[in-house]
Amino acid sequence: MKKILVTGAMGQIGTELVPYLRSLYSVDQVVASGRRIHEECLFLTAGPFELLDITKSEAIAAIIKKYNIGTIYHLASLLSATGEQDPQLLWKINMNGLVNILEAAREADCSVFFPSSIAVFGPDAPRIKTPQDALTRPTSIYGVSKVAGELLCDYYHLKYGLDIRGLRYPGVISNAALPGGGTTDYAVHIFYAALKSGHYTCFLKEDSSIDMIYMPDVLKGALKLMEADPGKLKHRNAFNVSSITVTPRQLAAEIRKQIPDFTIDYEIDPVRQAIADSWPDSLDDSVAREEWGWNPNYDLVAMTRDMLDVLSKKLQQE
Ligand code: SER
């Protein structure tokens, strides 16, 4: 059986996707790769692991050949806030990296999972329940790279028949690895701060509404899409998915149900606020529900309860 390669395995999603796939298939079946090894992610090297700079195309081809890879989960990417600090670097990693992956996949006939983002939408799209096929005219370089990536994935499917699928993730909330450099990171940091000090200073305005998703639904969604009957997929790539629509004020109120003394104040970061203001308040994910049965388990209440439960145990052990 051909193996699975995960790029960006040391990132927020990769650190949980690799163990999830290894538990479903087997440890040897899933090759993790990353640009460097983070000490807290050493556990990923208990199975096959390769250091990989995604901008080096020969290195990708060599790994595919070495392990007989049949499917690639391509997670290596810079996020929206980091991207605004160095747009040229973001383009190099996000776009050149994707081109390299698609070319390697074409040579070796691999399937590819490509995570896109709510960042594909800009101020011209409807803000509330943004439809699947709304206009994608983003104003962040991260969003531009994700729109270009979605189109390139569709092109490789049309032109070369490659099986490429993907989701537009909203902000991802998780408790294993921290997110790195996104506009939605506040929704993770707030939980650590609530448990450690009982106070959080938020970099977005209290009424900035952005959709979120909890990690178990991120993992379930990726696998369900990759295993879906291709005959039923009209879009294939770039499906809107979501499960939680929330503002910082609402998230703080939900946390306060369990930590009554929790307080929040606001010091707005203009760069991240401008990105948040350009994104939808909420997404319409009905197409994903219809075409492949997207059905998330966690709403705001269930996610908050689980985050506080898991994180408080984790922090006690530190
Ligand atoms: N979480 C991402 C970011 O904030 C959105 O896809 O950049």
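The values are calculated or read from the model by the stated rules, or taken from the named source; none is laboratory data. Keep in mind it's a predicted model, so treat the numbers as computed, not measured. Every residue, glycine among them, receives a Cβ derived from its backbone with ideal geometry; neighbour counts consider all protein chains shown. Calculation scope for accessible area: heavy atoms of the full protein, side chains included, ligands and nucleic acids excluded. Shrake-Rupley method; radii C 1.70, N 1.55, O 1.52, S 1.80 Å.
Could you please tell me which pairs satisfy a Cβ distance under 6 Å, a separation of 6+ or placement on different chains, a first residue in the stretch 162-180 that is closer than 30 Å to Asp109 by Cα and of a type in the set (Ser, Thr, Tyr), and a second residue that is within 11 Å of the ligand (Cβ to nearest atom) and modelled with pLDDT of 95 or more?
Tyr169/Pro115; Tyr169/Ser117
Check whether at least one residue in the stretch 187-194 is of a type outside the set (Asp, Glu), touching a Pro at 6+ places or on another chain (Cβ under 9 Å) and surrounded by fewer than 19 Cβ atoms within 10 Å (Cβ to Cβ), and report yes or no.
Within the stretch 187-194, the first condition is being of a type outside the set (Asp, Glu), and the residues that meet it are 187-194.
Add one more test, that the residue is touching a Pro at 6+ places or on another chain (Cβ under 9 Å), and what stays is 187-190.
Of the ones still in play, those that are also surrounded by fewer than 19 Cβ atoms within 10 Å (Cβ to Cβ) are 189.
There is at least one residue in the stretch 187-194 that is of a type outside the set (Asp, Glu), touching a Pro at 6+ places or on another chain (Cβ under 9 Å) and surrounded by fewer than 19 Cβ atoms within 10 Å (Cβ to Cβ).
Scan the stretch 75-101 for residues that are assigned to a loop (DSSP other than H, G, I, E, B) and either under 30 Å from Lys3 (Cβ atoms) or in contact with a strand residue (DSSP E or B) (Cβ under 7 Å, 6 or more places away or on another chain) (or both) and jot them down.
Selection gives Leu75, Ala76, Ser77, Leu78, Leu79.
Just a yes or no: is a residue in the stretch 186-198 within 24 Å of Lys146 (Cβ to Cβ) and not hydrophobic (A, V, I, L, M, F, W, C)?
Yes, the conditions are met somewhere in the stretch 186-198.
Go through the stretch 185-199 and give me each residue that's touching a Lys or Arg at 6+ places or on another chain (Cβ under 9 Å) and in a loop (DSSP other than H, G, I, E, B).
Asp185
Residues in the stretch 37-55: is at least one of a type in the set (D, E, K, R) and at pLDDT below 95?
Pass one, the stretch 37-55, residues of a type in the set (D, E, K, R): 39-40, 50, 53.
Remaining after also requiring at pLDDT below 95: 39-40.
Yes; the residues of the stretch 37-55 include at least one that is of a type in the set (D, E, K, R) and at pLDDT below 95.
Take the conditions away from the ligand (no atom under 12 Å from the Cβ) and either touching a Ser or Thr at 6+ places or on another chain (Cβ under 7 Å) or over 23 Å from Glu84 (Cβ atoms) (or both) and apply them to Lys220. Does it pass?
Taking the combined requirement at face value, the residue satisfies it.
Looking for something touching a residue at least 12 places away in the same chain (Cβ under 8 Å), assigned to a strand (DSSP E or B) and open to solvent by 40 Å² or more (accessible area, probe 1.4 Å) - is there at least one such residue anywhere in the stretch 60-72?
Taking every residue of the stretch 60-72 in turn, none turns out to be touching a residue at least 12 places away in the same chain (Cβ under 8 Å), assigned to a strand (DSSP E or B) and open to solvent by 40 Å² or more (accessible area, probe 1.4 Å).
Okay, residues lined up against (1) away from the ligand (no atom under 16 Å from the Cβ); (2) modelled with pLDDT under 95; (3) farther than 26 Å from Gln29 by Cα:
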position	(1), (2), (3)
Leu78	no, no, yes
Ala81	no, no, yes
Glu84	no, no, yes
Leu89	no, no, yes
Asn100	yes, no, no
Asp109	yes, no, no
Ser117	no, no, yes
Tyr142	no, no, yes
Gly180	no, yes, yes
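Do the conditions hold for Ala176, that is, is it more than 13 Å from the ligand (Cβ to nearest atom), among the small types (Gly, Ala, Ser) and either closer than 24 Å to Asp217 by Cβ or at pLDDT below 95 (or both)?
Yes: the conditions hold for Ala176.
Just the residues that are without any contact (Cβ under 8 Å) to a residue 60 or more places away in the chain and of a type in the set (A, V, I, L, M, F, W, C), please, taken from the stretch 245-273.
If the condition is that a residue be without any contact (Cβ under 8 Å) to a residue 60 or more places away in the chain and of a type in the set (A, V, I, L, M, F, W, C), then Val246, Ala253 are the ones that fit.
Please go through the stretch 65-83 and pick out each residue that is of a type outside the set (Gly, Ala, Ser) and touching a Gly at 6+ places or on another chain (Cβ under 9 Å).
Result: Tyr73, His74, Leu75, Leu78, Leu79, Thr82.
Is it true that some residue in the stretch 36-51 is more than 16 Å from the ligand (Cβ to nearest atom), buried (at least 22 other Cβ atoms within 10 Å of the Cβ) and in a helix (DSSP H, G or I)?
Taking every residue of the stretch 36-51 in turn, at least one turns out to be more than 16 Å from the ligand (Cβ to nearest atom), buried (at least 22 other Cβ atoms within 10 Å of the Cβ) and in a helix (DSSP H, G or I).
With the requirement that a residue be touching a Pro at 6+ places or on another chain (Cβ under 8 Å), open to solvent by 50 Å² or more (accessible area, probe 1.4 Å) and either assigned to a loop (DSSP other than H, G, I, E, B) or farther than 16 Å from Arg289 by Cβ (or both), what does the stretch 214-268 give you?
Tyr266
Do we have Gly83 as crowded, with 22+ Cβ neighbours inside 10 Å and more than 18 Å from Phe113 (Cβ to Cβ) here?
yes
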